[in-house]
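Reviewing the structure listed below.
The values are calculated or read from the model by the stated rules, or taken from the named source; none is laboratory data. Just so it is clear, the model here is predicted, and its values are computed rather than measured. Using ideal geometry, Cβ is built from the backbone for each residue, glycine included, and neighbour counts are taken over all protein chains shown.
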Amino acid sequence: MSTQFGTKAGIRIFLILVSVSGICFSQDSARLPGSLPLLSDAGDLEAQRKQISDYFEARIEAVQKDRDEAWQPDFLSTAAYERSLEDHRRNLRAMLGLIESDSNSGPAQVLKIAEINGVRIERVTIPITDGLSARGLLFIPPDPGHKRAVIVCLDADIWPERLTGLDHE
């Protein structure tokens, strides 16, 4: 009996709270003084869209001008061109979070893992630095007229063997 009364009382309290909250949130007086509704009339929306479009067009033009001023490669020779791009390449590597490879990292390790219909499949591991290596699969077709293909998965959770179905799962 007491659990039934508790359940009915809980339902009544819930319904009262829902009805009161609906009244509070539906009235304009619930807004803070001096605030406006989030959405205004459609005319303002079109003006806002044009303002946003104009802003981005102006930014694109400004960035193009800045890029042209900052990016001035030296075309006198190949060596001069390479030197003029060194800072840009260094900055790009830093922005992308790339690391310099260790020249003492060692040679690539190649292991044949399968041969299917004459196509030889090798696992290639290239050491980059201590504890970091790049792995991929090299597919070598039997016909010399066909090009070799490499499959590398960028996601650390997926191995190339899984992507190609060679893991038998």
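Here's the yes/no breakdown for (1) charged (D, E, K, R); (2) surrounded by 11 or more Cβ atoms within 10 Å (Cβ to Cβ):
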{"residue": "R49", "(1), (2)": "yes, no"}
{"residue": "E61", "(1), (2)": "yes, no"}
{"residue": "F75", "(1), (2)": "no, no"}
{"residue": "Y81", "(1), (2)": "no, yes"}
{"residue": "L92", "(1), (2)": "no, yes"}
{"residue": "A114", "(1), (2)": "no, yes"}
{"residue": "N117", "(1), (2)": "no, no"}
Which listed residue is within 30 Å of S133 (Cα to Cα), modelled with pLDDT of 85 or more and either assigned to a helix (DSSP H, G or I) or not aromatic (F, W, Y) (or both), from R59, R83: R83
Meets criteria (at pLDDT below 65, of a type in the set (F, W, Y) and surrounded by fewer than 10 Cβ atoms within 10 Å (Cβ to Cβ)) for F25: yes
Here, strands (runs of 3 or more DSSP E) confined to the range 115-169 with at least 1 residues that are at pLDDT 75 or above and closer than 21 Å to L98 by Cβ are 119-129, 132-140
